[in-house]
1. Restricting region 4-53 to residues that are part of a loop (DSSP other than H, G, I, E, B) and polar (S, T, N, Q), which is farthest from the chain's Cα centre (by Cα)?
2. What is the residue count in region 41-81 for residues that are of a type in the set (A, V, I, L, M, F, W, C), farther than 15 Å from THR22 by Cα and either modelled with pLDDT of 95 or more or loosely packed, with under 10 Cβ neighbours inside 10 Å (or both)?
3. Out of (1) free of Cβ contacts under 8 Å to residues at least 40 places away in the same chain; (2) within 16 Å of LEU81 (Cβ to Cβ); (3) open to solvent by 30 Å² or more (accessible area, probe 1.4 Å), the odd one out for ARG18 is which?
4. Suppose we keep only residues that are β-branched (Val, Ile, Thr) and either crowded, with 18+ Cβ neighbours inside 10 Å or closer than 21 Å to TYR63 by Cα (or both) within region 21-40. Which one would you say is modelled with the lowest pLDDT?
Amino acid sequence: NDLFRILEGGGVETIAFRIFDTKGTLLYETEDWQESRETGWNGDYKGIPQPSGTYIWQVTGKYTDGSLIKIEGKSSGSFTLVR
């Protein structure tokens, strides 16, 4: 995959989707539901491709029914970027 994005369903009222490096630097952030689903993070920070390694994702927000957004039951996790 060339992008890290949210693939959860619709019915979103609010969302904040963030990507951090392991030092805690915020590399990507959006509060736009469409962007989080369609565009996502491309592995760059300020136009510079980030190195292979572990990155942290975080999602907060809620669905229109008031339940909290979770990805596979979690509001954060990690993934490995491979170049």
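1. SER52
2. 3
3. (1)
4. Taking region 21-40 first, the residues β-branched (Val, Ile, Thr) are 22, 25, 30, 39.
Going one step further and asking which of them are either crowded, with 18+ Cβ neighbours inside 10 Å or closer than 21 Å to TYR63 by Cα (or both), we end up with 30, 39.
Numbers: THR30: 97, THR39: 93.
The extreme case among them is THR39.
The values are calculated or read from the model by the stated rules, or taken from the named source; none is laboratory data. Please read all numbers here as calculations on a predicted model, not as lab measurements. Neighbour counts run over all protein chains shown; Cβ positions are idealised from the backbone, glycine included. Calculation scope for accessible area: heavy atoms of the full protein, side chains included, ligands and nucleic acids excluded. Shrake-Rupley method; radii C 1.70, N 1.55, O 1.52, S 1.80 Å.
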